């Protein structure tokens, strides 16, 4: 599992299951990526407003080879 730390902007966001959210990010180093933010809907302290539409910041993505969905 590799960690990719890069600047990112949130392009799209939708809810996934009860407590998670799937985001479409455009990143400086990795292009457009889909990521899973586990527990993003449960706790507002963990991510705050960083997952709002067009929010920009530094993202640490956990990338597993052969998968289309990374973990935030």
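The C-alpha atoms of segment 1-43 occupy a region whose extents along the principal axes are 31, 23, 14 Å, arranged from largest to smallest. Its relative contact order, with pairs defined as Cα atoms under 8 Å and 6+ residues apart, puts segment 2-71 at 38 percent. The DSSP beta bridges internal to the chain are antiparallel in roughly 90% of cases. With Cα Rg over 2.2 N^0.38 Å defined as stated, name the option among [x] 1.50; [y] 1.01; [z] 1.20 computed from the structure displayed. Only one option fits the structure, namely [y]. By the helix-only formula, in which each DSSP H run with n ≥ 4 contributes -39500 (n - 2.57) and the sum is divided by residues, the chain has a 222 nm mean residue ellipticity of -1000 deg cm²/dmol. The modelled label-to-label distance for the pair residue 60/residue 24, using points 7 Å beyond Cα in the direction of Cβ, is 2.7 nm.
Rule-based calculations on the coordinates, nothing more; no lab input. All figures in this text were calculated on a predicted structure; none of them were measured in a lab. Reconstructed Cβ throughout: ideal geometry from the backbone, glycine too, with neighbour counts over all protein chains shown.
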